[in-house]
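The values are calculated or read from the model by the stated rules, or taken from the named source; none is laboratory data. Keep in mind that this is a model prediction, so the values were computed, not measured. Methodologically, a virtual Cβ is constructed for each residue, glycine included, from the backbone with ideal geometry; neighbour enumeration extends over all protein chains shown.
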Amino acid sequence: MPASEAINIGWFFGVIAALALLFAAGLRLQVRLGFASRVVSGALVVASAVTVVILANVALFRHDAHLDFTREKAFTPSAEAGELVRGLVEPIDVAYFYQKQNPGAVALVTMLRQLERENANFRVRLIDADQNPALASSIGVRTYNSAVLRSGDRRIEVVTTDDREIALGVLRLLRKREIMICFAAGNGEYDIDNFEFHTHFEGAHRHSHDASGLAVVQMEQHGIGRLRRAIEKLGLAVRKISFATGQPIPDDCGAVVEANPRTRYSPGETELMRRYLERGGSAMFLIEPDYELDESLAALLASAGIKVGNGVIVDPKEHYFTDEQMIAVSQYGVHPVTRGLALSFYPGARPLETVPTTGVRVTPLATSSSEAYVIADRLGNNPAAASGPRASRIIALAAEGGLNKAASSPFRMFVAGDADFVSNSFFPYLANSDVVLAALAWLTHEERAPTVKPPVEVLPTVSLTGEQMRGIFIFTVLLMPGLIAFAGGAIWWLRR
């Protein structure tokens, strides 16, 4: 609970205590005066009581407290929105044209009023669109539940009933420069125009998302449209670029994303990427286990302190649900990308390694448990076929520094041995979206900027790792019934 809310609640209880004291004093007051004196004294008592009540109501109005007892906190702004508003140092004007018949809009009105009390720089004007159609038309509003945000001469319109969308609009207003995220195309990468929400594998015996059905049917048009939508909600620009033309990577690309290439890089394409990184560029490589790197790309990554291994990581201890190839990660390396991350999972990942390189700092971000091993055949589950001993394997890492002595500026790079975790099927679940969005913020040098998570359409779920499921099973199915049976047997033995 914010300190301001605790102070307001303290004011509430203080006023209630004062009124109770006044009421108790009135009950114990004994007046032995004449008729005229009783009238005058009674009037003074009534006037004093009315004055105290009025002042109490003014105090409560000026220190209004908000208590939300709904389980979903449906009438409370998100923590990210509150933190963003409290940190404003320049005025932001919000005019919200809402429809009273929309419960979501009415809830947002309540949240905007609360946010307005957090910071005087956040100024809100709430307007019933049905009662003020001319006003809405005069400023170009054509849709119910539209919020017009202004900062100086900048203007953004957001159609929403979600306070996080308002916070994202504020972030877009505060951004002083346009940031372009460039997605590589031309090598069979995941398509940013594909918004298909559910793609999967169909096995011979069951429906699954793991590798067991890979040999039967694979839906190739796996997209990352959800990632693109989240990026655009953050106010970043998105476009595709191709290396096949031989044109240099544009300097306005804040970061280049290579998401699951299918065909090998040519030496010319690798050279274009190298020149971009030497100019201080940033790149994200998401490389699936079945992709064979060409020598030029492997050499480029090695010069950045990164080696991409072969095979698929299997983790019997930390995995999502029952699939040991779907690695679950709850502990991360210390880095701006991993700040505040929760559980994320990687459905089929190849191992990465760090290579000692002068002038480059490489940080492992996500790793498997110490029980993990690597198999060469993605469809095999025989530990005897494992490559190397059981040990913690790196799944994702970040690198920063000078690519070589000729580099004019330091580069930044994020590499993951899996691309599916950002695809439409897995992007919105657990902390997968947080990982890739935090990585993009770091790559574009915005890691110190306020963060707000874009809303993603997904039903609430309870997700557990394999170890957590085993623990719950042992406690609820074995330990608790066993203790009850033991207690019952002990009581019977003592009373027999």
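Brief remarks follow.
- Condition met for P261 (closer than 24 Å to G305 by Cα, surrounded by fewer than 22 Cβ atoms within 10 Å (Cβ to Cβ), modelled with pLDDT of 90 or more and not aliphatic (A, V, I, L, M)): no
- Count of segment 114-134 residues which are more than 33 Å from the chain's Cα centre (by Cα) and in contact (Cβ under 8 Å) with a residue 24 or more places away in the chain: 2
- Only one of the numbered conditions (1) farther than 12 Å from D418 by Cβ; (2) touching a residue at least 40 places away in the same chain (Cβ under 8 Å) is not met by P347, and that is (1).
- Filtered residues of segment 361-400 (kept if assigned to a strand (DSSP E or B), modelled with pLDDT under 95, surrounded by 14 or more Cβ atoms within 10 Å (Cβ to Cβ) and out of contact with any Lys or Arg (no Cβ under 8 Å at 6 or more places or on another chain)): I375, A386
- Filtered residue count, segment 265-306, keeping only those that are surrounded by 16 or more Cβ atoms within 10 Å (Cβ to Cβ) and of a type in the set (K, R): 1
- Looking at segment 141-192, the strands (runs of 3 or more DSSP E) lying wholly inside it that each contain 2 or more residues that are buried (at least 20 other Cβ atoms within 10 Å of the Cβ) sit at 146-151, 180-185.
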